[in-house]
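As structure tokens, the structure follows; a few thoughts come after it.
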Amino acid sequence: MKIVPNHPNPRSVAVLAYDGLCTFEFGQVVEVFGLPRPEMGPDWYRFRVCAERPGPLRAVGGFRVEADGGPAELGAAATIVIPGWRGIDAPVPDELVETLRAAHARGSRLVSVCSGVVVLAATGLLDGRRCTTHWHYADRLAARFPAVLVDPDVLYTEADGIFTSAGSAAGLDLCVHLVRRDFGPRIANEIGRRLVLPPHREGGQAQFIDRPVAEREDSRFARLFDWMRARLGERITVDRMAAEAAMSRRSFIRRFEAATGTSPGDWLTGERVRRAADLLETSGLGIERVATESGFGTADGLRHHFRGRLGISPTAYRRQFARVGAR
């Protein structure tokens, strides 16, 4: 869901400040949405910190925050972010609940980081919907809000304009995903590179929503990565990679894994999946052609790796994420 076009301030983002503010989660939101980025043009986000109540608020770490906005400004934003909460069992003020319900009814996106999902769950808007939080809180969240469908295995979820993220660092994944929704993969990848986000996290936290993050690219391999990305449609063996890097096979594998945290083959598969996802989003190429262009060779190979990495078929991914004109 993109920001609703007829919202009076379609690029406005407000982050909630509250007594007991979770500093790390708050900082993530400020970093992605609140920093001036003149190079992104005049349509970049307009950001505001909005306090739950008047006066200075205590933050984790021994300092205080005094915001320049309040509940009215919070409810008027197109995207409202709840950066954690003061406790998984802590009550949520009725006034805040009503502000969020009214904002969502007007088309605002509601976003939570980690334990901030408690605030969204208190509105009732998550009843019957899938959400996530830090695995440590999942059982307690489900017990407190039995109508909410808690999934502790994903990085973040999206349902009807409501977004929730898992443990603290997953908030960055979600924030960059929102940038991708609003500005496209190129800009999101640029923000990801500036944040130096860790590699794509898979396994139990695999998420079908693409995460535009950058690898921890050791400078020794930067040229090799560019070389491989320019040739994803070709057959690239480990021996060919090693030769391009001017290393022996054994030395190359050891140093590659030390630099990236993954094997050459896994890295290449991840890049091919990203390339396939971009083609599915932005082009009208058939599945066989997407498979060839991304280096999987056949549609069956593409489907196998795409579903294995993102948990969704290429066709379903295109149906959900292709931009107008690329379907």
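Residue by residue, segment 108-125 carries 3J(HN,Hα) couplings of 6, 7, 10, 10, 10, 10, 6, 5, x, 4, 4, 5, 5, 5, 5, 6, x, 6 Hz when phi is fed to the Karplus relation 6.51 cos²θ - 1.76 cosθ + 1.60 (θ = phi - 60°); x denotes Gly or Pro.
Here the simple spin-label model places points 7 Å from the Cα toward Cβ, and for A316 and A105 these points are separated by 3.4 nm. Taking every protein chain into account, the 1.4 Å probe leaves T262 with about 40 Å² of accessible area, to the nearest ten. Taking Cα centre as origin and charging only the Cβ of basic (Lys, Arg, +1) and acidic (Asp, Glu, -1) residues, the dipole magnitude of segment 39-79 rounds to 240 debye. Rolling a 1.4 Å probe over the protein chains gives L149 an accessible area of about 90 Å².
Ranking E293, E52 from most to least accessible surface, computed with a 1.4 Å probe over the protein chains only, gives E293, E52. What the phi angles of segment 252-263 give under the Karplus curve with 6.51, -1.76 and 1.60, with θ = phi - 60°, is a coupling list of 4, 4, 4, 6, 5, 5, 5, 7, 10, x, 8, 7 Hz, glycine and proline written as x.
Set the Cα radius of gyration of segment 34-130 against 2.2 N^0.38 Å, with N its number of residues, and you get 1.14. Axis of helix 170-183 versus longest Cα principal axis of the chain: the two differ by about 80°, to the nearest ten degrees. Coupling constants for segment 49-62 follow from the phi torsions by the Karplus curve (6.51 cos²θ - 1.76 cosθ + 1.60, θ = phi - 60°), and in residue order they are 9, 10, 7, 5, 8, x, x, x, 10, 6, 10, 4, x, x Hz; glycine and proline get x.
Between R231 and D160, the contour length at 0.36 nm per residue exceeds the Cα-Cα span by 21.7 nm.
If the Kirkwood radius is taken over C-alpha pairs of the chain, then at 25 °C and 0.890 mPa s the Stokes-Einstein diffusion coefficient equals 117 µm²/s. A simple count of charges around R130, restricted to other residues whose Cβ falls under 13 Å of its Cβ and scoring Lys, Arg +1 and Asp, Glu -1, yields -4.
The values are calculated or read from the model by the stated rules, or taken from the named source; none is laboratory data. These numbers come from a predicted model, not from an experiment. A quick note on method: Cβ atoms are made from the backbone with ideal geometry, for glycine too, and the neighbour counts reach across all protein chains shown. SASA here: full protein model, heavy atoms, side chains in, ligands and nucleic acids out. Shrake-Rupley method; radii C 1.70, N 1.55, O 1.52, S 1.80 Å.
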